[in-house]
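S.K.: My structure is below; once you've seen it, I'll send some questions.
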DNA sequence: AATGTGTTTGCACGCGCGTGCAATTTATTC
DNA sequence: GAATAAATTGCACGCGCGTGCAAACACATT
């Protein structure tokens, strides 16, 4: 009724309001909210008190605009059929958030090219874009980088040859070597490699490492088939198809899979369609250690990526704690269960 | 070499730069980028040309700040063990993006209470916060809403009693009724209900509907067990535990599960631990129709939520096309496979 | 009390764009 | 061709906060 001050029409309460109530300047208010700012304990308490009663919170949008740092990281994913992505998302969002970074999730399944999505991310001034998908090529990365605006481009859980890019991934070569050694030691001699999409950039991947290693050891290159997406269903179809074309079943005693998503499909195919047992008739070995791999039904022998370490590594890169390495490798761990 | 204009130190190119090059005012430049703005075709072309050569893109941060609309939606999830979440994420991000909305993903697994996460979201001025998890209670929602700043609070794929909230979900009651009818028709008479966490808000959920319906039909309330999280592993343990306590196996001819995450665990338990067949010995019916449900190994009979329609519904609510309904129901579809 | 050191505080200016309206240009009509 | 309507363009002001520095203050020392 009486005098209602110059309160804003709606109820956005800004630092100015708090400042007035606390009897300090606006800048002191914002300082109070900065972790290690130069401010006395007393005035910080005054400010916090006032902020409390007014329900004030600093506006990250305005802050980002002014400071040119958004504390926002963009995650680009196109590979939603692979259950491992959910694990990654969980881990990444958790670790990022613990470090004060928020996550912008972009689904690039629709895009021909990730460039458009990257552009979109750049419009939000994200501090970094993290690629977790499979569709992007080194060339499209280059294009996107040309437009700049995305300060850091990070390829997660995969390596990229683009020098302007930082890769954070499991050491695939060491991993496949370990897997190969394990297989050989266990006496498997007729492997089939089940690979993912081949269209991606020509990095020395799991398939290449395995085939080469096997070639070196036995002088023969194992057979392989590839699946168009990391999708258990497609893997299932592919395996069924393979054995339809190669009726001499005893030509394969183990299927080595590029990841668990494929491995799960392979197991299903072996049991359901071929009517065989895993691992007695055909063994299966995966990669990633998705939750399903540990289920009673699959008991998948697989290789666990050190996701937490990788996520922490990502944060280090983002914070600039460890500059200019184009590639950060992490060692994983072979998890032996029953499927191989 | 010669004169290099007053180019900014780093290379952020703003609308002003484009304006200068195109020979128009800054406002015309920004208009050119607005879908249906009042601008002549000719000057739009001029602007777009200049923007192209300069590599200009409008800054969404500044735009959000000025317009007070961020086109950002915050998704809060805590339930990463449930594979269905990945499907939801895929669908939501896709549909939102198609409608010009970006997605902020927040992992609330760590939080005692979603309030903190909501507060964080509010600092980014998200246009809406969408809750997809299970941990939040109606009370914590109320608290969060008290602080305002989050313009719209939406509960997705679940109903909430909070009147300031908009629920977008599958019609659980209709669904469970259909499921019950199906079960009854198929001759099952000894159901066990496998429920999720019971700590959540007291909405009339799938369990209640099923139990009540069965009670009405047969005068007896079926047994039920509940699992602490929607996690196949925990469901497995729970089912194993149940049958350890109830050795008279023929007391159950079907396990009705609150969702597929649980159903998958149930199937594993039945086969692996009990050594029984699905559906011959014990049938299983799920809910959600996760990708796994369609795999050769599970062939789960389940109920598919109309995710796309729900996502579109979400967009409508966000755009304000369909105001003030506290609850939007969508009808799903029973998917009959082999598990029941 | 004067000097010096270290700590707090205040402030001018800018981040890049939106809003609403007024000025200007272009199209339309008789 | 003048008058009127319609389409297009320009602009002052503000969104909420950060940066870097200078002024103000506190405290210890001689």
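The values are calculated or read from the model by the stated rules, or taken from the named source; none is laboratory data. This one's a predicted model, so the numbers in the text were calculated from it and none came from an experiment. Cβ atoms come from the backbone with ideal geometry, glycine included; neighbour counts cover every protein chain shown.
S.K.: For the range A:19-47, which residues satisfy the criterion of being within 7 Å of DNA strand C (Cβ to nearest atom) and part of a loop (DSSP other than H, G, I, E, B)?
M.R.: A:24, A:25, A:38, A:39, A:40
S.K.: Filter the range B:32-55 down to residues that are within 11 Å of DNA strand D (Cβ to nearest atom) and surrounded by fewer than 17 Cβ atoms within 10 Å (Cβ to Cβ) and give me whichever is nearest to the other protein chains (Cβ to nearest Cβ).
M.R.: First, pick out the residues of the range B:32-55 that are within 11 Å of DNA strand D (Cβ to nearest atom): B:32, B:34, B:36-47.
In the following step, the residues that additionally are surrounded by fewer than 17 Cβ atoms within 10 Å (Cβ to Cβ) were identified as B:34, B:36-38, B:40-42, B:45.
Working: B:34: 14, B:36: 19, B:37: 17, B:38: 23, B:40: 25, B:41: 24, B:42: 25, B:45: 20 Å.
Restricting to residues being within 11 Å of DNA strand D (Cβ to nearest atom) and surrounded by fewer than 17 Cβ atoms within 10 Å (Cβ to Cβ), the top hit is B:34.
S.K.: Let me ask something additional. For residue A:29, are the conditions met, namely being surrounded by 13 or more Cβ atoms within 10 Å (Cβ to Cβ), modelled with pLDDT of 90 or more and within 11 Å of DNA strand D (Cβ to nearest atom)? First the steps, then the outcome.
M.R.: Values: surrounded by 13 or more Cβ atoms within 10 Å (Cβ to Cβ): yes; modelled with pLDDT of 90 or more: yes; within 11 Å of DNA strand D (Cβ to nearest atom): yes.
So residue A:29 passes the test.
S.K.: Select from the range B:290-325 the residues that are assigned to a loop (DSSP other than H, G, I, E, B) and touching a strand residue (DSSP E or B) at 6+ places or on another chain (Cβ under 6 Å) and list them in ascending order.
M.R.: Of everything in the range B:290-325, those that are assigned to a loop (DSSP other than H, G, I, E, B) and touching a strand residue (DSSP E or B) at 6+ places or on another chain (Cβ under 6 Å) turn out to be B:305, B:306.
S.K.: Moving to a separate point now. Can you tell me which residue in the range B:67-92 is farthest from residue A:79 (Cα to Cα), limited to those that are surrounded by 19 or more Cβ atoms within 10 Å (Cβ to Cβ) and within 16 Å of DNA strand C (Cβ to nearest atom)?
M.R.: Among those residues, the one meeting the criterion is B:70.
S.K.: Related question: So for the range A:122-129 (the condition being part of a helix (DSSP H, G or I) and over 20 Å from the mean Cα position of the chain (by Cα)), does at least one residue qualify? Show your work before the answer.
M.R.: Narrowing the range A:122-129 to residues part of a helix (DSSP H, G or I): A:122-123.
Still in the running and over 20 Å from the mean Cα position of the chain (by Cα): A:123.
Among the residues of the range A:122-129, at least one is part of a helix (DSSP H, G or I) and over 20 Å from the mean Cα position of the chain (by Cα), which makes the answer yes.
S.K.: Right, another one. What strands (runs of 3 or more DSSP E), lying completely within the range B:151-236, carry at least 2 residues that are under 30 Å from residue B:115 (Cβ atoms)? Spell out how you get there, then give the answer.
M.R.: On the way: elements: B:153-156, B:166-170, B:191-195, B:223-226.
Correct list: B:153-156, B:166-170.
S.K.: Condition first: outside any loop (DSSP other than H, G, I, E, B) and more than 23 Å from residue B:115 (Cβ to Cβ). Now tell me which residues in the range B:67-89 satisfy that.
M.R.: So in the range B:67-89, the residues outside any loop (DSSP other than H, G, I, E, B) come out as B:67, B:72-77, B:84-89.
Hits for the range B:67-89 are B:67, B:84, B:86, B:87.
S.K.: Across the range A:56-66, what is the number of residues that are in a helix (DSSP H, G or I) and either within 9 Å of chain B (Cβ to nearest Cβ) or more than 8 Å from DNA strand C (Cβ to nearest atom) (or both)?
M.R.: Within the range A:56-66, the subset in a helix (DSSP H, G or I) is A:60-66.
Remaining after also requiring either within 9 Å of chain B (Cβ to nearest Cβ) or more than 8 Å from DNA strand C (Cβ to nearest atom) (or both): A:60-65.
Result for the range A:56-66: 6.
S.K.: I'm told residue A:316 meets every condition in (1) in the same structural domain as residue A:126 (by TED's automatic domain parsing); (2) touching a residue at least 12 places away in the same chain (Cβ under 8 Å) except one. Can you identify the failing condition by its number?
M.R.: Status for residue A:316: all satisfied but (2).
S.K.: Which residue is nearest to the other protein chains (Cβ to nearest Cβ), if the candidates are limited to the range B:289-310 and must be more than 16 Å from residue B:182 (Cβ to Cβ) and under 16 Å from the mean Cα position of the chain (by Cα)? Break it down stepwise before answering.
M.R.: Keep residues of the range B:289-310 that are more than 16 Å from residue B:182 (Cβ to Cβ), which gives B:290-292, B:294-298, B:305-310.
From the residues that got through so far, the ones that are under 16 Å from the mean Cα position of the chain (by Cα) too are B:290-291, B:305-310.
On the way: B:290: 10, B:291: 7, B:305: 16, B:306: 18, B:307: 12, B:308: 14, B:309: 18, B:310: 16 Å.
That would be B:291.
S.K.: Any residue at all in the range A:97-115 that's more than 20 Å from residue A:316 (Cα to Cα), within 16 Å of DNA strand C (Cβ to nearest atom) and either modelled with pLDDT under 90 or more than 8 Å from every other protein chain (Cβ to nearest Cβ) (or both)?
M.R.: no
S.K.: Could we say that residue A:120 is touching a helix residue (DSSP H, G or I) at 6+ places or on another chain (Cβ under 6 Å) and facing another protein chain (nearest Cβ under 10 Å) here?
M.R.: On the way: touching a helix residue (DSSP H, G or I) at 6+ places or on another chain (Cβ under 6 Å): no; facing another protein chain (nearest Cβ under 10 Å): yes.
Spelling it out, it is not the case that residue A:120 is touching a helix residue (DSSP H, G or I) at 6+ places or on another chain (Cβ under 6 Å) and facing another protein chain (nearest Cβ under 10 Å).
S.K.: Among A:259, A:251, which is the only one that is more than 14 Å from every other protein chain (Cβ to nearest Cβ), at pLDDT below 95 and under 26 Å from residue B:86 (Cα atoms)?
M.R.: Details: A:251 fails: under 26 Å from residue B:86 (Cα atoms).
The conditions single out A:259.
For every residue, the table says whether it meets (1) modelled with pLDDT of 95 or more; (2) within 30 Å of residue B:164 (Cα to Cα); (3) surrounded by fewer than 17 Cβ atoms within 10 Å (Cβ to Cβ).
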residue: B:285; (1), (2), (3): yes, no, no
residue: B:291; (1), (2), (3): yes, no, no
residue: B:323; (1), (2), (3): no, yes, yes
residue: B:330; (1), (2), (3): no, yes, no
residue: B:334; (1), (2), (3): yes, no, yes
residue: B:340; (1), (2), (3): no, no, no
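S.K.: Further, regarding this structure: Identify the single condition in (1) in a loop (DSSP other than H, G, I, E, B); (2) not assigned by TED's automatic domain parsing to the domain that holds residue B:317 that residue B:134 does not satisfy, given that it satisfies every other one.
M.R.: (2)
S.K.: Can you find even one residue in the range A:255-269 that is out of contact with any helix residue (DSSP H, G or I) (no Cβ under 6 Å at 6 or more places or on another chain), assigned to a loop (DSSP other than H, G, I, E, B), over 13 Å from residue A:300 (Cβ atoms) and assigned by TED's automatic domain parsing to the domain that holds residue A:295?
M.R.: Within the range A:255-269 (the criterion being out of contact with any helix residue (DSSP H, G or I) (no Cβ under 6 Å at 6 or more places or on another chain), assigned to a loop (DSSP other than H, G, I, E, B), over 13 Å from residue A:300 (Cβ atoms) and assigned by TED's automatic domain parsing to the domain that holds residue A:295), the answer is no, since none of the residues qualifies.
S.K.: While we're here: With the condition kept exactly as written, say whether any residue in the range A:276-287 is in a helix (DSSP H, G or I) and in contact (Cβ under 8 Å) with a residue 12 or more places away in the chain. Give the derivation first.
M.R.: Here is the first cut: in the range A:276-287, the ones in a helix (DSSP H, G or I) are none.
Within the range A:276-287, not a single residue is in a helix (DSSP H, G or I) and in contact (Cβ under 8 Å) with a residue 12 or more places away in the chain.
S.K.: Can you tell me which condition residue B:338 does not meet? The list is (1) outside any helix (DSSP H, G or I); (2) in contact with a strand residue (DSSP E or B) (Cβ under 6 Å, 6 or more places away or on another chain); (3) within 13 Å of chain A (Cβ to nearest Cβ), and all the others hold.
M.R.: Failed condition: (2).
S.K.: Just to be sure I understand, how many residues within the range B:86-96 are within 7 Å of chain A (Cβ to nearest Cβ) and farther than 25 Å from residue A:60 by Cα?
M.R.: Summing the residues that are within 7 Å of chain A (Cβ to nearest Cβ) and farther than 25 Å from residue A:60 by Cα in the range B:86-96 gives 3.
S.K.: Go through (1) more than 18 Å from residue B:80 (Cβ to Cβ); (2) crowded, with 22+ Cβ neighbours inside 10 Å one by one and return the number of the condition residue A:122 breaks.
M.R.: The failed condition is (2).
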